[in-house]
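Trainee: Dropping a structure here in structure tokens format, bear with me for questions.
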Amino acid sequence: RISARHMAGRSSLHAWAVCAMSVLIVIGFGIMLWLILGNPIPMGNNEIIYILLGTLAAAFTQVCNFWLGSSRSSQDKTNQITELKK
């Protein structure tokens, strides 16, 4: 873990990847909700659509927890420790 955190601290690519994935998940979840609430679901595809919606809802929850929850503060602490070591 330490080497992964060290590598992530040096690379801005990791920061961009985290932001890009977060944006994609939030947009995907919003589009999926809009489609489901605005259109009737075909009977043959309803289970697949509900599974996809549940997966996107779980990913959306993780994104919110990362940016607003304890994972975010943990990342901030790691960044502070890295700065103090320099």
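Trainee: Can you give the extra length, in nm with one decimal, that the chain gains between residue 50 and residue 27 once fully stretched, where that is 0.36 nm per residue apart less the Cα-Cα distance?
Mentor: Numbers: separation 23, 0.36 × 23 = 8.28 nm, distance 1.72 nm.
Extending this stretch completely gives an extra 6.6 nm.
Trainee: Here is a follow-up. Using 0.36 nm per residue of separation minus the Cα-Cα distance, give me the extension gain between residue 78 and residue 61 in nm, one decimal. Mind showing how you got there, number by number?
Mentor: Values: separation 17, 0.36 × 17 = 6.12 nm, distance 2.24 nm.
Contour length minus the Cα-Cα distance gives 3.9 nm.
Trainee: What ranking of 35, 24 comes out by heavy-atom accessible area, probe 1.4 Å, highest first? Please list the in-between numbers first.
Mentor: Working: 35 75, 24 115 Å².
Accessible-area ranking of 35, 24, largest first: 24, 35.
Trainee: Still on this structure, I have one more. In nm, what is the difference between 0.36 nm times the number of residues separating residue 37 and residue 20 and their Cα-Cα distance?
Mentor: On the way: separation 17, 0.36 × 17 = 6.12 nm, distance 2.57 nm.
Gain on stretching residue 37 to residue 20: 3.5 nm.
The values are calculated or read from the model by the stated rules, or taken from the named source; none is laboratory data. Computed from a prediction, not measured in an experiment: that's the story for all the values here. What goes into the accessible areas is simple: the full protein's heavy atoms, side chains included, and nothing from ligands, DNA or RNA. Shrake-Rupley method; radii C 1.70, N 1.55, O 1.52, S 1.80 Å.
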